[in-house]
1. Using a 1.4 angstrom probe with every protein chain in place, what is the largest-first accessible-area order of 108, 69?
2. To the nearest 0.05, how large is the calculated FRET efficiency for residue 19 and residue 197 if R₀ is 30 Å and r is the Cβ-Cβ distance?
3. So which aspartates and glutamates pass the test for residue 19, namely a Cα distance under 12 Å, with those fewer than 8 places away in the same chain ruled out?
4. Name the trypsin sites (Lys or Arg not before Pro) in the stretch 34-139 that are in a loop by DSSP and that have at most 11 other C-beta atoms within 10 Å, would you?
5. Return the loop-located trypsin sites (Lys or Arg not before Pro) in the stretch 175-212 (DSSP other than H, G, I, E, B) with at most 15 other Cβ atoms within 10 Å of their own Cβ; answer none if there are none.
Amino acid sequence: ISSAGFDTQTPQKYLLTQKMPFFSIIIPVYNVSGYLQECLESLVRQSCGNWEAVCVDDGSTDESGAILDRYAARDMRFRVFHRRNQGVCAARNFAIAEARGSWIGFLDGDDVLEAEWLSKAYEEIIRHKPHLLRMSFKYWYPSRDEPFAFGNQEKHAEIGGRASVASWGWRVIPAGGWICVIFVDAAVLSQSGKTFCEDLKVREDSVFLLSL
């Protein structure tokens, strides 16, 4: 895929060879113009190019919508939808319904990806064939100079069924949810019928993940 306007190099093995991308990255956006360009640029610079970004502008009143439109004009992998403000859960549900990829991933507008994020996820999915993949992440506080890690940083991912997940998942997930470290098989998600509860204003990640 050519990404006009961006300095990117996508390895041949990850180029799209069919209409459907491997990853659909769900990005709800509401008034995050101060972070959004860095977020989207980190997605463009992924070493794995087989993705689409389903971006939902949830009625932003800052420059977020315009930033999304600029990226969509330069790179066909960005699909942008502008809607009235209905909340992050409604935005994610809408984006999931629009997603075309084999795997669903989640990103927030103030997140930044390391360049190998999708490549590592792809390798783990192909190797282990899971239904759910949990990646690692680091968290920045404004008062800290360096990021610090949550969870197990020894591996790029923790994979397994309910029994193996129980050793970490049911303790960790309710504490924060962290939907942006999760990839879900799109077919499994569709068959489950699970969606984000649009009545919730907090901990929607935890409820969705535990339900799933």
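The values are calculated or read from the model by the stated rules, or taken from the named source; none is laboratory data. Note that the structure is predicted; figures quoted are calculated from it, not measured. When we count neighbours, we look across all protein chains shown, and the Cβ atoms used for this are built from the backbone with ideal geometry, even at glycine. Note: accessible area is taken over every heavy atom of the protein model, side chains too, but ligands, DNA and RNA are not part of it. Shrake-Rupley method; radii C 1.70, N 1.55, O 1.52, S 1.80 Å.
1. Sorted by accessible area, descending: 69, 108.
2. The pair residue 19/residue 197 has a calculated efficiency of 0.40.
3. Excluding near neighbours in sequence, the set is 52.
4. When the trypsin sites (Lys or Arg not before Pro) of the stretch 34-139 are filtered for loop state and at most 11 Cβ neighbours within 10 Å, 84 remain.
5. For trypsin sites (Lys or Arg not before Pro) across the stretch 175-212 that sit outside H, G, I, E and B with at most 15 neighbouring Cβ atoms in 10 Å, the list reads 201, 203.
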